[in-house]
Amino acid sequence: MANGPRKSAVIDDFQSIDNPVKDAVVLREVAASAGEYKAFPIMAKTRSGRLVVMYWRGNGHSPAIAKDNLGQIDAVHSDDNGETWSNPVAVYGNISNGDPYFAYYLACGNDRRGNIVLVIGIFNGTNYVLPHITRSVDGVGWSSPIKMTITGSSDVHAATLIPFGSIELLPSGKMILPVYQTTFNWAGLIDDNLSETTLDLTSLIVNSSSPAYSECALCPITERVWWAFLRQDGATNAIPAYRTVDAGQTWISMGSTGLPVGGGYLVQAAFHFVMAGETHLGLLIGARKSESAPITSSPGIMLAASPLAKMRPNNLAFRRIHFWRMADDGAVRDAYAGYVFDQVSNYLMIITHEELDDFSSRILFGSVDIRK
């Protein structure tokens, strides 16, 4: 096994958002295009330390395109910290069997036993149906996906219910994950003590049609204190932040991140880490296209962070640290991303997709020591 992910040029300290951003690492290919569209990758680590990447594979980015050729979820793994990757295995597969229901968006993380938990958004060609859940010990063998039971909200409409992003483990062993539909954004809860297949949507972050939100990233700091960062559709200068201090019963707006972002940015993941004895909150933000990404000048993944103790409402003071750059080839849907952060080795590992055209894309991996 390799000693660790390849190191790269890093910035010694948090850099002012007004200064140039250095490339953090050159992204390396995990899954080539081969004439297919591979997207929405997420990543988790097994108890043995194996990295497992799950992603959607189909005909094109949008359900309107993909429904003609269906789509499925594949998984690949690495036992050498991302240097090499296995051949894919099908986790939820229907390209070959003609199943009219196919997978799309994903959410993943680890349960209290260290198993990988994968929640799959299921699309029938017209609408979403209830998410399915599956688990794996090693990233190769997976349990049969089971349709989830939804509790806690009378506003749920299965036709538009979408899980997305990282499943975060609370100290109690419960798990939270972002879920959205039309105007609603929830912090969904899975409590294995009650049911391994029930998704509770009691915790409503926001219900808004103007502005409209979609993807969300959750970051629990303690059992009761959680942060949420949302993609505001069509916005030109906003990544809104919310916080709860009562385990999701009530959410308070904390303003925006303060990053000078454009409409081409969407927050992908949020996590916390300790540097120089101080807890920081980090964000992974996808820059989708250069003309809507003026501060990065090209598509890619931005890492931004702020000292948690200094974050105040409407003054969150996030600063950019690193940037993983992609080719500026005119594609408009780059930079969906997932992550694994290793507190022991100090490495942040990311997985993302780079669109080549409307019908093909590839999966890329990068890593960086964010505390040096």
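The values are calculated or read from the model by the stated rules, or taken from the named source; none is laboratory data. None of these values were measured; they are calculated from a predicted model. Using ideal geometry, Cβ is built from the backbone for each residue, glycine included, and neighbour counts are taken over all protein chains shown. Quick note on the areas: whole protein, heavy atoms, side chains included, nothing else; ligands and nucleic acids left out. Shrake-Rupley method; radii C 1.70, N 1.55, O 1.52, S 1.80 Å.
Couple of notes before you dig in:
- Neighbour net charge for Lys310 - beta-carbon separation under 13 angstrom, K R +1, D E -1: +1
- Residues whose placed amide H lies under 5 Å from that of Val91, excluding near-sequence neighbours: Ile73, Asp74, Ala75
- Peptides ranked, highest mean first, by Cβ atoms within 10 Å: ranges 175-183, 128-136: 175-183, 128-136
- Here the 3J(HN,Hα) profile of the range 192-202, calculated from phi with Karplus coefficients 6.51, -1.76 and 1.60 at θ = phi - 60°, is 5, 5, 9, 6, 7, 10, 9, 10, 8, 10, 5 Hz, Gly and Pro shown as x.
- When only alpha carbons of the range 131-260 are considered, Rg and Dmax amount to 15.0, 44 Å.
- Solvent-accessible area per residue, Å², over the range 97-212 with all protein chains present [probe radius 1.4 Å]: 37 Å²
- Centre-to-centre, using Cα atoms only, the range 132-206 and the range 333-360 are separated by 22 Å.
- Computed with every protein chain present, the accessible area of Ser345 is close to 50 Å² [probe 1.4 Å].
- Taking all protein chains together and a 1.4 Å probe, the residues Leu356, Leu283 rank Leu356, Leu283 from largest to smallest accessible area.
- Protection proxy ranking, highest mean first, for peptides 184-192, 112-120: 184-192, 112-120, where packing is the per-residue count of other beta-carbon atoms within 10 Å, averaged.
- For Gln268, the residues whose amide H sits under 5 Å from its own are Leu284, Ile285, Gly286, ignoring neighbours fewer than 5 places away on the same chain, with H placed 1.01 Å from N.
- Charge context of Ile221, other residues only, Cβ under 12 angstrom, K/R +1, D/E -1: 0
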